[in-house]
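**Student:** First the structure, which I've put down as structure tokens, then a few questions once you've had a look.
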Amino acid sequence: MILDSAINAQLNSGGAVDLRGIPPGSSKVFFRNNKTGVFTIRDELGLYTYQFADSVKDLKWIIKADTATFLGYKCGKANTTFRGRDYEAWFVPQITLPVGPHLFTGLPGLVLKLKEQKGDFEFNLVSLEFLKEKRPILFEIKKTTLVTRKEYRKLVRFMIDNPDGFAASQGMIFRTKSIDGVTNPPPPPKPPYNPIELE
């Protein structure tokens, strides 16, 4: 919400879109090389920013005959299986950008809606605005630690399964007290590990 509002305010005032210093809803950022199709992905885990390359050349779509309307656009339907999950997508053939949320690319139009078949993940484009002229997008340059996708996935799993151990691995130690003053009360329940990519 903060990110969207800040971007809209800058778009309305003209000039570059400056994303530096704006707290994001998610720390993961995707950069796509339109020539090679390779993504550079950055994510902040604890005190460090990690970066790895990823490719989605194995993504294959099955376009269906179904149609539906989203944001006033007549959309086509497509299905795919990607890294252990099945998805349904709705795309706009009139907007010939072969992109969508996360790593989903390759359809003959912009993806407005993407839903994982079990309902664990859903992406919906809620607003669409066309710029009259090109504007640069400015990102904060941060020191990054280069890892592989496999190493990154291990770090995320470690952070979720053992937050204290993950914090300690980065030099942080947490000491907590309960309301009655007892040091180190039982930790809160762990969030479920349910990554968008299962493979």
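**Student:** Work out, step by step, the length gained on full extension between LEU131 and LYS74: first 0.36 nm times the residue separation, then minus their alpha carbon distance; give nm to one decimal.
**Tutor:** Details: separation 57, 0.36 × 57 = 20.52 nm, distance 2.12 nm.
18.4 nm is the gain from fully extending LEU131 to LYS74.
**Student:** A further question on this structure: Report the FRET efficiency, 1/(1 + (r/R0)^6), for LYS190 and GLU88, where r is their Cβ-Cβ distance and R0 is 30 Å, rounded to 0.05.
**Tutor:** 0.50
**Student:** Test of the criteria: in segment 84-153, which chymotrypsin sites (Phe, Trp or Tyr not before Pro) are in a DSSP loop and have at most 16 other Cβ atoms within 10 angstrom of their Cβ? Before the final figure, lay out each step's value.
**Tutor:** On the way: sites: TYR87, TRP90, PHE91, PHE104, PHE121, PHE123, PHE130, PHE139, TYR152; in loops: PHE104, PHE121, PHE130, PHE139.
For chymotrypsin sites (Phe, Trp or Tyr not before Pro) across segment 84-153 that sit outside H, G, I, E and B with at most 16 neighbouring Cβ atoms in 10 Å, the list reads PHE121, PHE130, PHE139.
**Student:** May I ask you to compute the full-extension gain from PHE30 to THR81, defined as 0.36 nm times their residue separation minus their alpha-carbon distance, rounded to one decimal in nm? Each step should come with its number before you reach the end.
**Tutor:** Values: separation 51, 0.36 × 51 = 18.36 nm, distance 2.04 nm.
Result: 16.3 nm gained on full extension.
**Student:** How much length, in nm to one decimal, is gained on full extension between SER169 and LYS64, taken as 0.36 nm per residue of separation minus their Cα-Cα distance?
**Tutor:** Between SER169 and LYS64, full extension yields 33.0 nm more.
Readers should treat all values here as calculations from the given coordinates under stated rules, not as data from a laboratory. If you're wondering where the values come from, they're calculated on a predicted model, not measured in any experiment. FYI the Cβ positions are ideal-geometry reconstructions off the backbone, even for glycines, and counts take in every protein chain you see.
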